[in-house]
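Worksheet: the structure to be examined is printed underneath.
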Amino acid sequence: MENLKIEIQNKRKAFENALAKVKDKHSLQDIRNEYLSRQRGIITGIFEQLKHVKPDEKPEIGKLINDFKKHVQERVQALQEKFAAPKKALEKVDLTLPGEKKYWGAPHPILLFQQKIENIFLRMGFSIVDGPEIETDYYNFGALNFPPHHPARDDWDTLYITDDVLLRTHTSPVQIRVMEKRKPPIRIINPGKVYRKEAPDPTHLPMFYQVEGLVVDLGITFAHLKGTLEYFLKTLFHEKIKIRFRPSFFPFTEPSAEVDIECTVCGGKSEDCRVCGGGGWIEILGSGMVDPQVLKNVNIDPEKYSGFAFGLGVDRTAMFAYQIPDMRYFYENDLRFIRQFSLK
Amino acid sequence: MKISLDWIQNYIDVDLPVSRLVEVLDNIGLLIEDWEEKNGDIILDVETYANRPDTLGHMGIARELAAALGLALKEQRLPLTETNENISDLIDVQIWDEDLCPRYCGMIVKNIKIGPSPEWLIKKIEAMELNPINNVVDVTNYVLFATAQPIHAFDLDKIAGRKIIIRRAKQGEKLLSLEAKDVDLTSEMLVIADEEKPVALAGVIGGENTAVSDSSQNVFIESAHFDPVSVRKTSKATGIQTDAAYRFERGADVSFPPKAARMAASLFSQFGGKVCKGIVDVYPKPRKIKTVMLRDHRVTSLLGVEIDNGFIEKTLADLGFQMENKQPGIWQVKIPHFRIDIEREADLVEEIARFYGYEKIPIQLPPLRSLEPILDPKKERIQTLRQLLFHYGFDEVVNFSFMDPEKEKKFTSDLDPIPIRNPISTKAAFLRTTLLGGLLENVAWNTNRGAEGVHIFEIGNIFHMDNETYNEHLRLSMVMTGSVGERHWKEKSKEGSFFHLKGTCEALMAQLRYGSFSFQEENHPHYQEGCSLVLHFKGEEIGCLGAVDQKILDAYLLKQEVWAAEINLSLLFEKQAQAFQFSAVVKYPSVNRDVSFVADNNVAFEKIREALEKLHLPYLEKFTLYDRFAGSSIPQDKVSLSFRFIFRRPDRTLQADEVDVFQEKIIDTLKARFHFQLREGGEN
Ligand SMILES: [Zn+2]
């Protein structure tokens, strides 16, 4: 018991010495922690020893420890107040001054729009798959049922690297690559850059973005193609938009369909509408039931499975959605244009 | 192609308002892109498809309309005024290369009065936006636009030896074409020749020497069938594009040449011509009619709607198909020669759907069978990167993948660029080997338009070749110059600087959980000497950053300092990212010590960091350089460095005197290694 009394005295001296050296609130905090920490503090340690004191001596020693603790608390408190910066009353400021200007970067409008498209298909259980931009003639044309030397190739005016190597003119090659590796059911979309030998003008560019899609499974019908694309277009534009499916031709689909939406700019009422040319309809998607030859080319039995495919130009669709008159805006990268989309 | 409604009336009696007609044609897949009234006629501009050469003439369009509207096609009468001469006495036709010319027909008309066409014919020719030439030439064009079968008229008297030979050209032969150009022929091209020389490029263009002129009297009408691929190759090789070649390369109707010849002969009769008896028809291997099986349940299973068998039979019959009902719901369908596009059951299903009406097919969502999703971790990481970069104030750009070879040269690198064989311009003749070119272009564009600062990034592929393999790699590149954001009373605008960019790189690496990267001072050809860092990860170069080299800036006419960074994402994404691991929060308080030194200004921070790490102080949790300055109160060539050292023990509270020992050790080390001195006011 005497030992404990002496220890309390020593600790008290040590505390005073330490306190004399304190110059700032950091070192004060260190001392506070050292003595008063609830778990490992010195005072807690002394209290621990109280357990071993005889019961009749406990009140006296207990009081000594409590006095010491109180002393430490008061001294630390006093110094804390000394070091603490005086808290000023809130200065009267002009609260009508403008708030801090937050700055954040803008996404490129094409990629922003592409993501919108992707999100709709993700909800329908599609996977997003990417592929190479440099392709072979086989994946870009042959496997997709374009005969060699067929004029159908003229509609896909191609940039060539060699006779057999080219820049993909659509993202359909990715669909071939997926079908080669996977058995149905298949549900994918393929966004990406595609290339055409086109001189730049307001509606044509040598590079643009496409999103193509493919569904192959048992019992897939043209009615399902219509249902999927209607859902997509109504979600992308609005619930009430008028949609038209009309026969068309693509080597890789049969039957094929072009999908038009009503021109919301003129409502089909203006003879010389800048957007629809007065026809009242805008071509948005190419689509169709996957051609049986394409399925055969990837060893899927067309008697058992069927599917549909579709594709749209992201640039063209974004131009229509945002009323952008010239496709070249997208690749000039004028920040006065791009930064508008930080608010989209 | 242009379609005259007046002309259509030759084949069907149709009396509908134009708007209704446009709708009907649109619905069966003959899109009317535009239409106009012209000289009391209505001219439709019809979009046609590469697989439907039968719609490249008025008869074909009329046939489709007739089927859609339930109209009958009118009988065509082709009366002739004949002479007593037999054609076989006047001309000898031989096909030497029947692989490229399966059928060749000819008729001869004598004593034609060459002159201007009659009014009705001129009107039709002008409706096709052609200039009327003379009655013979106009008739050949008329037949082409009526039937889609190209024909050609030779001056019979200019055909040497009265012989027509269809053969491959001999290497070195030439033909003076109707365009008055000498065409060099190759042995892959099919020609029409007389006894001496080529007189026409088969299916593409006629020759000047045998052309019908004002003084011609007797005409040999050619109406033939040529191999589509051969015509296409010849047309491409010679660069001669004609209405004839356009039709032959898509595939003409092999059954039609005799009718087209007779049609022309009948019209020549109207101009006083006398038609010789008989027709030349060399057709060594007559083509068989194709047969395709059609099952009604396949119609239903492809379209998703049951279509009445009666409707199926009537529609296909109206379109010229012959149906043979083998079993209930199964037909053998004979395909007429003019429908070269129909080869499989699915093709017939499309015919049925076109006339049934796409709009009547129900709208259903497909049953979504569950399937294993295809995951793309790359895409997720790109999304993370983009969100962070927006947050750090970078705008996103997309540039073309092409590069000007002249500019590419400035970016010395070990990547071999890929040339495009048929580029859109010489300035876009390479695929880019770096994203930097496009980004600097963007900096110039925006600076020239008044931007005070440009902070942009692009994520995209670069391309290069190794011998015969063509590679593409995903890259991220960031470029910054000047400051972005408005000037504001309370905030500074974001100034572009090397350390802003370096910090961004560090943050991106950390966020992608590639923590163990390092930077090394190394020169790089894209950056100014002594002003670039190379980013290493697990012993590999992942990227670099620095101040863009002056000669590159000059190429883009940039005057200001531009900072840039390039990261090879393809390579980086191959690396394993660290898995996230939770670490317990230490409940004992830390002891913080702030120490300021005066140091020589040439001591690299990296060396200080290494020295401190080598001390292996057990409870030094971390240290930061929180201030660095030189100037008035600091001697020349010296710099003030202020560090905060944070100490913590995981198992108990550290005591002040324990920390004192560590602190001494740090100070001693820095003094000894780098001659640091404690700054006055020292330990604060
Ligand atoms: Zn419109």
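The values are calculated or read from the model by the stated rules, or taken from the named source; none is laboratory data. Note that the structure is predicted; figures quoted are calculated from it, not measured. All Cβ positions, glycine included, derive from the backbone under ideal geometry; neighbour counts span all protein chains shown.
In table form, for the structure just shown:
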| read-out | value |
| --- | --- |
| Residue match in region B:508-524 (condition: within 14 Å of chain A (Cβ to nearest Cβ) and modelled with pLDDT of 90 or more) | yes |
| Residue identified as at pLDDT 95 or above, touching a Lys or Arg at 6+ places or on another chain (Cβ under 9 Å) and surrounded by 15 or more Cβ atoms within 10 Å (Cβ to Cβ) among B:Ile330, B:Ile352, B:Ile312, B:Ile363 | B:Ile363 |
| Top-ranked residue in region B:469-492 [being within 10 Å of chain A (Cβ to nearest Cβ) and of a type in the set (Lys, Arg); ranked as farthest from the chain's Cα centre (by Cα)] | B:Lys490 |
| Selection within region B:400-430 - of a type in the set (Ser, Thr, Tyr) and within 14 Å of chain A (Cβ to nearest Cβ) | B:Ser401, B:Ser425, B:Thr426 |
| Strands (runs of 3 or more DSSP E) lying entirely in region B:17-110 (those with 2 or more residues that are charged (D, E, K, R)) | B:32-38, B:41-46, B:82-86, B:103-110 |
| Complete set of residues in region A:250-268 that are near the ligand (Cβ under 9 Å from one of its atoms) and touching a strand residue (DSSP E or B) at 6+ places or on another chain (Cβ under 8 Å) | A:Glu262, A:Cys263, A:Gly268 |
| Filtered residues of region A:6-46 (kept if under 17 Å from B:Arg649 (Cα atoms) and touching a residue at least 60 places away in the same chain (Cβ under 8 Å)) | none |
| Residue check, B:Gly320 assigned to a helix (DSSP H, G or I), surrounded by fewer than 18 Cβ atoms within 10 Å (Cβ to Cβ), more than 14 Å from chain A (Cβ to nearest Cβ) and among the small types (Gly, Ala, Ser) | no |
| Subset of region A:269-300 (residues that are more than 16 Å from the ligand (Cβ to nearest atom), away from chain B (no Cβ under 11 Å) and among the small types (Gly, Ala, Ser)) | A:Gly286 |
| Conditions (1) more than 16 Å from the ligand (Cβ to nearest atom); (2) within 12 Å of another protein chain (Cβ to nearest Cβ); (3) basic (Lys, Arg); number of the one not met by A:Lys240 | (2) |
| Qualifying positions in region B:283-317 - part of a loop (DSSP other than H, G, I, E, B), more than 37 Å from the chain's Cα centre (by Cα) and within 13 Å of chain A (Cβ to nearest Cβ) | B:Glu306, B:Ile307 |
| Residue that is nearest to the chain's Cα centre (by Cα) [pool: residues in region B:503-518 that are assigned to a helix (DSSP H, G or I) and without any contact (Cβ under 8 Å) to a residue 60 or more places away in the chain] | B:Met509 |
| Cβ-Cβ under 6 Å pairs, at least 6 apart or on other chains, region A:263-286 side in the same structural domain as A:Arg246 (by TED's automatic domain parsing), far side part of a loop (DSSP other than H, G, I, E, B) and more than 8 Å from the ligand (Cβ to nearest atom) | A:Gly278/A:Glu271; A:Gly278/A:Asp272 |
| Among the residues listed as B:Leu100, B:Leu90, B:Leu65, B:Leu44, the single one being in the same structural domain as B:Gln9 (by TED's automatic domain parsing) and touching a Lys or Arg at 6+ places or on another chain (Cβ under 8 Å) | B:Leu44 |
| Flag if A:Thr235 is more than 13 Å from the ligand (Cβ to nearest atom), surrounded by fewer than 19 Cβ atoms within 10 Å (Cβ to Cβ) and touching a residue at least 60 places away in the same chain (Cβ under 8 Å) | yes |
| Residue that is modelled with the lowest pLDDT [pool: residues in region B:368-382 that are touching a helix residue (DSSP H, G or I) at 6+ places or on another chain (Cβ under 8 Å) and more than 7 Å from every other protein chain (Cβ to nearest Cβ)] | B:Pro377 |
| Sole exception among (1) touching a Gly at 6+ places or on another chain (Cβ under 9 Å); (2) free of Cβ contacts under 8 Å to residues at least 40 places away in the same chain; (3) in a loop (DSSP other than H, G, I, E, B) for A:Thr158, by number | (1) |
| Scan of region A:161-193 for residues that are free of Cβ contacts under 8 Å to residues at least 40 places away in the same chain and either under 16 Å from A:Phe252 (Cα atoms) or not polar (S, T, N, Q) (or both), ordered by number | A:Ile161, A:Asp163, A:Asp164, A:Val165, A:Leu166, A:Leu167, A:Arg168, A:Thr169, A:Lys181, A:Arg182, A:Pro185 |
| From A:Asp315, A:Asp326, residue being away from every other protein chain (no Cβ under 13 Å) and either farther than 22 Å from A:Val211 by Cβ or away from the ligand (no atom under 16 Å from the Cβ) (or both) | A:Asp326 |
| Helices (runs of 4 or more DSSP H) wholly inside region B:185-278 containing at least 1 residues that are small (Gly, Ala, Ser) and buried (at least 24 other Cβ atoms within 10 Å of the Cβ) | B:243-248, B:257-270 |
| Set A:Ile176, A:Ile188: member being within 30 Å of A:Gly219 (Cα to Cα), surrounded by 18 or more Cβ atoms within 10 Å (Cβ to Cβ) and away from every other protein chain (no Cβ under 11 Å) | A:Ile176 |
| Given (1) more than 11 Å from chain B (Cβ to nearest Cβ); (2) out of contact with any helix residue (DSSP H, G or I) (no Cβ under 8 Å at 6 or more places or on another chain); (3) surrounded by fewer than 22 Cβ atoms within 10 Å (Cβ to Cβ); (4) not aliphatic (A, V, I, L, M), number of the condition A:Asp217 does not satisfy | (1) |
| Hits in region B:333-349 - residues which are within 32 Å of the chain's Cα centre (by Cα) and either at the interface with chain A (Cβ under 7 Å from one of its Cβ atoms) or surrounded by 18 or more Cβ atoms within 10 Å (Cβ to Cβ) (or both) | B:Phe338, B:Arg339, B:Ile340, B:Asp341, B:Ile342, B:Arg344, B:Glu345, B:Ala346, B:Asp347, B:Leu348, B:Val349 |
| Conditions (1) within 13 Å of chain B (Cβ to nearest Cβ); (2) out of contact with any Lys or Arg (no Cβ under 6 Å at 6 or more places or on another chain); number of the one not met by A:Glu91 | (1) |
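For (1) surrounded by 11 or more Cβ atoms within 10 Å (Cβ to Cβ); (2) touching an Asp or Glu at 6+ places or on another chain (Cβ under 8 Å); (3) assigned to a loop (DSSP other than H, G, I, E, B), each residue gets a yes or a no:
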{"site": "B:Ile567", "(1), (2), (3)": "yes, no, no"}
{"site": "B:Gln576", "(1), (2), (3)": "no, no, yes"}
{"site": "B:Gln581", "(1), (2), (3)": "no, no, yes"}
{"site": "B:Ser596", "(1), (2), (3)": "yes, yes, no"}
{"site": "B:Arg644", "(1), (2), (3)": "yes, yes, no"}
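Residues checked against (1) surrounded by 21 or more Cβ atoms within 10 Å (Cβ to Cβ); (2) out of contact with any Cys (no Cβ under 6 Å at 6 or more places or on another chain):
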site: B:His58; (1), (2): yes, yes
site: B:Ala67; (1), (2): yes, yes
site: B:Ile87; (1), (2): no, no
site: B:Trp96; (1), (2): no, yes
